[in-house]
Structures are given as C-alpha cells and as structure tokens.
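Have a look at the structure below, then the notes.
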Amino acid sequence: MPASASTTDERCAKVRGPVDSPKPIIQLEDVRKAYGQGKARQEVLRGISLAIMPGEMIALVGQSGCGKSTLLHVMGGLDRPDSGTVTVDGRAHGSLDDSALARLRNQRIGFVFQSFHLLDHLTVVENVALPGFFGKGEPSEERALLALDRVGLLDHATRRPTALSGGQKQRVAIARALYHRPAILLCDEPTGNLDSETGNDVIRFFQKLNREEGTTLVIVTHEERVSRAAGRVMRMIDGQVVDHEARQQESLAP
Ligand SMILES: Nc1ncnc2c1ncn2[C@@H]1O[C@H](COP(=O)(O)OP(=O)(O)OP(=O)(O)O)[C@@H](O)[C@H]1O
Ligand SMILES: [Mg+2]
C-alpha cells in the first residue's frame, strides 16, 4: 500500500469527525480552602486537581482530619472553595449563584452521611419525599415509594424512623438521596455506624446502583472492604490527593 493511502479507519474518522471523548462528570482544578484567620488559619484543601468520569465508583481515603469531608462537600456544592474551579455535569459552581447551585445539588447529586439525618416526627415515606419540597412542583409520594422499593423498605413506609434499625435508617437515607434519581451519589462514611453485615448490604447496593444504572459514586471511608468494592481509590494526605489507584472491583459475597 502506498505510504500516502489512508486506512479505512482513518477515512471513516474523517467522515465522522473527531470522536467525542467522554467528559469528566466532576472536575476540580487547583481547589484551595482554609479555615480560620491569622495564626489559627489552617489550609484544609491545598491545590486539589482531579477528574472523575461518569460511572466511576471511587473510595476516598486518608487519615482523620486530612480533608476528606471538606473535599466531598466542595465537590457536591455544599461548600465553596476559596479558589480554584469545581465543575459538575459541565457546570462550573463558581458561575452559579447560591440558589442555582442549590438546584443543581438537589437535582443531580445525592448525599449520604454517616449519621442518617432523618426527621423522627415524619414517617419513613415523608422523609424520603423531602427533596421534593426543594424542587419544581409538588413532592411525589409515588416517587418516594419507588425509591423505598429500590432499597427494599416499601413495607416500612408508614413507620417512624425511631422504629427502624441502624441499617434500615441508612437505607431510608439512601432512598431519600435517590429521590431525584441523581447522576452522582456522594457518601461520607456511609457504613461507619453499621455492623459489618448491614454495612455489606449497603456496599452491595451501591455496587448494583453503579453497575446497573451507571450512577457515579464517591465514598469517603476508613474501611478496607469499601475500598475493595470501588474501581479507584483516591488517597488524601494533609489536604492533597496524593495517589489514585485503579483496581479491579471486588463483589462482596451475598
Ligand atoms: N467548619 C470548620 N471550621 C473550622 N475548621 C474546620 C471546619 N471543618 C473542618 N475543619 C477542619 O478541617 C480539617 C479537615 O476536616 P475534615 O472534616 O474535612 O477531615 P476528614 O478527613 O473528613 O476527617 P474524618 O476522617 O475525621 O472525618 C480538620 O482539621 C478540621 O478540624
Ligand atoms: Mg470526615
């Protein structure tokens, strides 16, 4: 074949144009944040740049106080950095005012915390429907029941959270995070208050969500079993991400 002749692939590429490469769903560039003033000033995020692709499941690890929760809050728009850019779903947080950021957060991101933050004076289904009060339209009981069904707690819908076990409370909190079917789930030590079997159930559910629905997950954890279930481990030391380890995701035995 003459050197100048192009291959079929190259000719097809010319007709199609450049193939769109997938874009990160979360991107941070040189993100910095400090607390306190003067001598009490403490730099908590020290120039963090990272990219997370759609459908990744990431474990964010590091010693207590290294800045994991702060980083998660900044990624999710619960908090703003002092400098640097945070882009989620193609939208730069810095370009959004507080109410636009709150809308983006409510619609596209679910949060799950170690302590479940359920309201005891509401029923389980009312707790799950809470995100519906902060969007357009009316909260939907049907949507909340669907979310409860996904975590296997449909038959507990009319109970109060006080009548549930720790694992059940966390599943209600997860159902609430899934109410708007978010593309991204950000979890801060979601298994920290659970015994190992209940914690395994939660991790299995996260893997299912990740594999079957392509939900992007970032999970702050101190637990090795959670790291093993993730496709990438992001390690922080003193306000910096120092390591990204891609790994084969391990499925937990049922
Ligand atoms: N609102 C705040 N005001 C002042 N300092 C804060 C605030 N939030 C966090 N910090 C400080 O920032 C540092 C990082 O806190 P962060 O909660 O992000 O750590 P972490 O890695 O999540 O720790 P842990 O594993 O214990 O949850 C800590 O030294 C903490 O005391
Ligand atoms: Mg923390």
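Each reported figure results from applying straightforward, stated rules to the coordinates on display, with no laboratory input. For clarity, every value in this text was computed on a predicted model and none was experimentally measured. Heads up, the Cβs are rebuilt from the backbone with ideal geometry, glycines too, and the neighbour counts pull from every protein chain shown.
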Discussion item. Give all pairs with beta carbons closer than 7 Å in which a residue from region 132-151 that is at negative phi and outside any helix (DSSP H, G or I) meets a residue that is among the polar types (S, T, N, Q) and surrounded by 13 or more Cβ atoms within 10 Å (Cβ to Cβ); count only pairs at least 6 apart in sequence or on separate chains.
Written reply: Gly135/Asn106; Gly135/Gln107
Worksheet item: Any residue in region 131-146 that is surrounded by 18 or more Cβ atoms within 10 Å (Cβ to Cβ), closer than 18 Å to Val202 by Cβ and not hydroxyl-bearing (Ser, Thr, Tyr)?
Response: no
Worksheet item: Taking region 220-254 as the region of interest, how many residues are free of Cβ contacts under 8 Å to residues at least 12 places away in the same chain, of a type outside the set (D, E, K, R) and within 16 Å of ligand 1 (Cβ to nearest atom)?
Response: 1
Item to complete: Give the number of residues within region 203-222 that are surrounded by fewer than 18 Cβ atoms within 10 Å (Cβ to Cβ) and assigned to a loop (DSSP other than H, G, I, E, B).
Response: 2
Worksheet item: Within region 179-210, how many residues turn out to be closer than 14 Å to Phe116 by Cβ and either among the β-branched types (Val, Ile, Thr) or touching a His at 6+ places or on another chain (Cβ under 6 Å) (or both)?
Response: 3
Response to the item:
Reported set for region 65-91 where residues are in contact (Cβ under 8 Å) with a residue 24 or more places away in the chain, within 17 Å of Glu43 (Cβ to Cβ), within 16 Å of ligand 2 (Cβ to nearest atom) and part of a loop (DSSP other than H, G, I, E, B) is Cys66, Gly67, Asp79
Worksheet item: What residue, of Leu209, Leu186, Leu178, Leu217, is hydrophobic (A, V, I, L, M, F, W, C), within 16 Å of ligand 1 (Cβ to nearest atom) and under 17 Å from the mean Cα position of the chain (by Cα)?
Response: Leu186
Practice prompt. Residue by residue through region 81-102, note down the ones that are surrounded by fewer than 16 Cβ atoms within 10 Å (Cβ to Cβ) and not acidic (Asp, Glu).
Written response: Ser83, Thr85, Gly90, Arg91, Ala92, Gly94, Ser95, Ser99, Ala100, Ala102
Worksheet item: Based on what the data block shows, is Asn200 under 22 Å from Val88 (Cβ atoms) and in a helix (DSSP H, G or I)?
Response: no
Worksheet item: Hey, does region 155-168 have a residue that's within 16 Å of ligand 1 (Cβ to nearest atom) and of a type in the set (A, V, I, L, M)?
Response: no
